[in-house]
Amino acid sequence: MKTIAFFGGSIPAGVGFEQGHDSPLIYPNIFKEHGVEVKNFGLKGASNYEIFFSCLNFIATNEVDTVVVEWNDFYRYRFYPAPHVEVFVSVHQ
């Protein structure tokens with residue numbers, strides 16, 4: 001069976017859909033309905049840094065046929081200025 005891994009922010013996470021992550025209208029679930037094994041790592045509010053490294057970590061330790069990445073706005077940042085301190089900044093023009 002073909003396996004597709006989805007990475008991204010709100011879109012693959014189903015944000016804005018009544019059923020959220022389980023919505024039949026988000027891309028990962030559309031593929032699942034067609035008999036594809038799906039791994040959905042969509043995470044609401046994820047920065048491109050988080051998406052990139054979660055994707056790298058997954059493909060380094062798992063076998064998958066296809067990877068789909070939904071990149072976010074380039075003005076979304078997550079900083080870690082100290083251990084256990086997280087700062088999230090999103091600037092929209």
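Select from Ala82, Ala60, Ala46 the residue whose mean-square fluctuation is largest in a Gaussian network model of the chain (Cα-Cα springs shorter than 10 Å).
Its mean-square fluctuation being the largest, the pick is Ala82.
In a GNM of the chain with a 10 Å cut-off on Cα contacts, which of Asn29, Asn62, Asn72 has the highest mean-square fluctuation?
Asn62
In what sequence, largest accessible area first, do Glu37, Glu70, Glu63, Glu86 appear using a 1.4 Å probe?
Glu63, Glu86, Glu37, Glu70
Considering the dipole of the chain built from charges on the beta carbon (Lys and Arg +1, Asp and Glu -1) around the Cα centre, which of His21, His34, Val85 is farthest to its positive end?
Of the candidates, Val85 comes out farthest on the positive side.
Pop out the carbon and sulfur fraction of the accessible area of the chain as a percent, whole number, probe 1.4 Å.
Of all accessible area on the chain, carbon and sulfur atoms account for 59 percent.
About the Cα centre of the chain, how large is the charge dipole given +1 on each Lys and Arg Cβ and -1 on each Asp and Glu Cβ? Please answer in debye to the nearest 20.
Roughly 160 debye, rounded to the nearest 20.
By its C-alpha gyration tensor, with a ≥ b ≥ c as the square roots of the eigenvalues, how is the chain shaped: rounded for a/c under 1.5, else prolate for a/b larger than b/c, else oblate?
Note, shape of the chain comes out oblate.
Rounded to the nearest 10 degrees, what's the angle between the helix 48-61 long axis and the longest principal axis of the chain, both from Cα atoms, 0 to 90?
50
How far apart, in nanometres, would the label points at Thr3 and Glu37 be if each is projected 7 angstrom from Cα along the Cα-to-Cβ direction?
Going by the 7 Å Cα→Cβ label model, 0.5 nm.
Just to verify a number: what accessible area does Asp65 come out at with the full protein assembly present, 1.4 Å probe, Å² rounded to tens?
Approximately 100 Å² for this residue.
When the label point is put 7 Å from the Cα of Val87 along its Cα-to-beta-carbon vector, which residues of region 34-59 have a backbone N closer than 18 Å?
Only 47-50 pass the distance filter.
The values are calculated or read from the model by the stated rules, or taken from the named source; none is laboratory data. Because the structure is a prediction, the values reported are computed rather than measured. Note that each Cβ is placed from the backbone with ideal geometry, even for glycine, and that neighbours are counted across all protein chains shown. For accessibility, only protein heavy atoms count, side chains too; no ligands or nucleic acids. Shrake-Rupley method; radii C 1.70, N 1.55, O 1.52, S 1.80 Å.
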